[in-house]
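S.K.: My questions will all concern the structure given below.
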Amino acid sequence: MRECDVLVVGAGGAGLVAALNAHKAGAKVKIITKEYPTRSQTSMAQGGMNAALGNAGEDSVEAHIANTLKAAAGLGDEEMVTYMCQEAPKAVEWLNSIGVCFSRTEESKIAQRRLGGASAARACYAKDYTGLKILHTLYDRVLACEIEVLNERYLLNYITNVDEKGKKYIGGATFLNIRTGEVEVHESASVIVATGGYSRIYHKHSTNSSASTGDGIAAAIRAGARLSDMEFIQFHPTALKNSSILISESARGAGGHLLNSKGERFTNELAPRDEVARAIDAEIKKGEEIFLDIRHLGEHFIDEELPQERKLAKLYEGVDPVHELIPIKPAAHYTMGGIEVDNTSQTVIKGLFACGECANHKVHGANRLGGNSLLEIVVFGAQAGESAAEYSKDFHMPIDASLQRRRDENFIRGVKYFTNQIDFYQKREFIGNIFYNNVGIAREDMGLKAVLGAIRQIQKELPFMGPKDKSKHYNTNLVEFIEFGNMVELSEIVLVCAISRNESRGAHYRSDIPQANDIAYKAHTIVWKEDGVLCADFME
């Protein structure tokens, strides 16, 4: 007998929203996560959540749609973008109703600020802690609803079975219990993947937490799902120079300036992120250092509206932005690609749904608009939860997890027999560096192919990179090795897609082919596996 109707993998904002909506629809829900909910990447979304409320001046849903489609550079699905933007005011209203402490205007309306690429002040915010406040409020609601949450379980694979027509359907997932070292099977009528993105491929050159290793995405393609647009990786223009810690776009939205070593402003600070990141990259390649200047905003404003940015600059760079310039650089921040889903958030595998950064609803296209990530997790988290609950009502198929359990138990046992002649931590850092330099803001054919060759060599060497720690309990060395394997798998996919796209579009900028080619490439890259072989194509 299955344990639940809806199994949610991941406990960030998208997963918690999905769980709450599935629970509301009457489903028995379980959440499983490798860390703790309050440590998820959602907590780092500082700037705000877009919704055309018009609280800070004239705005409209139509303008929000237009801004999003423009940033997407021809790869935004107009139907999905329209749905997201139309749902935005209701999404903010719902968050407000459950207790999210948005900042307020003097008239007690929800305060809004302008972020890059937006034609109006549209981002609803809670100082510069927006994602954190949303995340904590959602988690409080999950606890109040008594939804079961299991922590410290590392996703291994999804359980799939085949119906009488030869079609795969989901039956749950397998996990490594990090505390005990045992493989666990959790059967379910449906699974919602909400495991976040994969920008930790860039290692220390990413604003994301160390948990953003693409585990749910890698497991999805192994199970038979399709991935799309994996080459599109957004670089945030303002990460701290030495640590890659994010300095929120809200600092520029409030009037912050970008300066080079000569004290010159060299770009429109509120252009879309891909444009600003490229402008900074070009200055750095000229030998310039780049700084964010918010001194003119004044200490009172900074402490009221940007308190976290001041603390981060002091802590990680040793500068006080009230009096000093903040040294910054672009860093890998958000992955637009992910698991391909339809307009109900379901993948090509029946019963497998996805939402949040791990999914590709085709609303971000080639470049995400600032303020749309928090919106996406609420709108499509709700959709995924409702869809999975509805699907589960009519699910009466048998679930056989025995084969997947044996495979994963053998894998965990076998990995401990791998030698450790090669230090995979060094290889992880090596991949981060070569990706930042060759698969970063500016790319070209020769560099991409050289990195692909290096990745495929690392794939061959994996049996010589095993964990040194052979223990069972809390073996983080083992978990990090499996994470590394997932990142290597996704690295190959990113490179195949980037090499195939012989044009420049949004966050995918080819210095050897700087123009867009709408005739050949105004289409989505699609990747899948057949008998373990990676396949790729373009589809409109």
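No value in this document is a laboratory result; all are computed from the given coordinates. Nothing here was measured: the structure is a model prediction, and the numbers come from that model. Quick reminder, even Gly has a Cβ in these numbers, built from the backbone with ideal geometry, and neighbours come from all protein chains shown.
S.K.: Given the chain reduced to its alpha-carbon atoms as identical point scatterers, what log10 I(q)/I(0) does the Debye formula return at q = 0.06, 0.08, 0.09, 0.11 Å⁻¹?
M.R.: -0.26, -0.48, -0.62, -0.94
S.K.: Can you spot the lysines whose alpha carbon is less than 17 Å from LYS329's alpha carbon? Ignore those fewer than 8 places along the same chain.
M.R.: Those lysines meeting the cut-off are LYS204, LYS241, LYS262, LYS285, LYS286, LYS314.
S.K.: Moving on to the next point. Would you please name the trypsin sites (Lys or Arg not before Pro) within segment 282-322 that are DSSP coil residues with at most 12 other C-beta atoms within 10 Å of their C-beta?
M.R.: LYS286
S.K.: Please report the antiparallel percentage of the DSSP beta bridges confined to the chain, to the nearest 5.
M.R.: Here the antiparallel bridges make up roughly 70 percent for the chain.
S.K.: Still on this structure, I have one more. Are there any GluC sites (Glu not before Pro) in segment 482-538 that are in a DSSP loop and have at most 14 other Cβ atoms within 10 Å? List them by number.
M.R.: Taking segment 482-538 and a limit of 14 other Cβ atoms within 10 Å, no loop GluC sites (Glu not before Pro) are found.
S.K.: When the chain is fully extended, how far beyond the present Cα-Cα distance does GLU390 get from PHE538, taking 0.36 nm per residue of separation?
M.R.: 50.1 nm
S.K.: Could you work out how far apart the two model spin labels at ASP163 and LEU150 are, taking each label as a point 7 Å from the Cα in the direction of the beta carbon, and quote it in nm?
M.R.: In this crude label model, ASP163 to LEU150 measures out at 2.6 nm.
S.K.: To continue, here is another question. Using a cut-off of 15 Å between alpha-carbon atoms, which aspartates and glutamates can reach LYS522, once sequence neighbours fewer than 8 places away in the same chain are excluded?
M.R.: Within the straight-line cut-off, LYS522 pairs with ASP77, GLU78, ASP229, GLU231, GLU503, ASP537, GLU540.
S.K.: Would you mind counting up the charge near LEU176? Only other residues with Cβ under 14 Å from its Cβ, with Lys and Arg at +1 and Asp and Glu at -1.
M.R.: Spelling it out: positives minus negatives among the neighbours equals -2.
S.K.: Oh, and also: Need the full-extension length gain, TYR316 to ASN517, defined as separation in residues times 0.36 nm minus the C-alpha distance. One decimal, nm.
M.R.: 68.2 nm
S.K.: Taking a quarter of the surface of the convex hull around the Cα atoms of segment 77-120, what do you get in nm²?
M.R.: 4.1
S.K.: Put +1 on the Cβ of every Lys and Arg and -1 on every Asp and Glu Cβ in the chain; which of TYR509, TRP528, ALA366 then has its Cα farthest towards the positive end of the dipole?
M.R.: Comparing the listed Cα positions along the dipole, TRP528 ranks first.
S.K.: Moving on to the next point. Relative contact order, percent, of segment 224-297 when contacts are C-alpha pairs under 8 Å separated by at least 6 residues?
M.R.: Over segment 224-297, the number comes to 32 percent.
S.K.: What GluC sites (Glu not before Pro) in segment 32-117 are in a loop by DSSP, with at most 11 other Cβ atoms within 10 Å of the Cβ?
M.R.: GLU58, GLU106, GLU107
S.K.: For LYS472, go through the lysines and keep the ones whose alpha-carbon is under 18 Å away, minus same-chain ones fewer than eight residues off.
M.R.: Here the lysines satisfying the reach criterion relative to LYS472 are LYS34, LYS416.
S.K.: Just from its helices, what would the mean residue ellipticity at 222 nm be for the chain, if runs of 4 or more DSSP H residues each count -39500 (n - 2.57) and the sum is divided by every residue, rounded to the nearest 500 deg cm²/dmol?
M.R.: -11500 deg cm²/dmol
S.K.: State the Cα centre-to-centre distance between segment 24-99 and segment 118-163 in whole Å.
M.R.: Their Cα centres are 12 Å away from one another.
S.K.: To continue, here is another question. Taking the Cα centre of the chain as origin, work out the dipole magnitude from +1 charges on Lys and Arg Cβ and -1 charges on Asp and Glu Cβ, in debye rounded to 20.
M.R.: In total the dipole reaches around 1100 debye.
S.K.: Hey, another quick one. What residues from segment 452-473 fall in the zone where the backbone N is under 13 Å from a label point 7 Å along the Cα-to-C-beta line of ASP423?
M.R.: Only 468 pass the distance filter.
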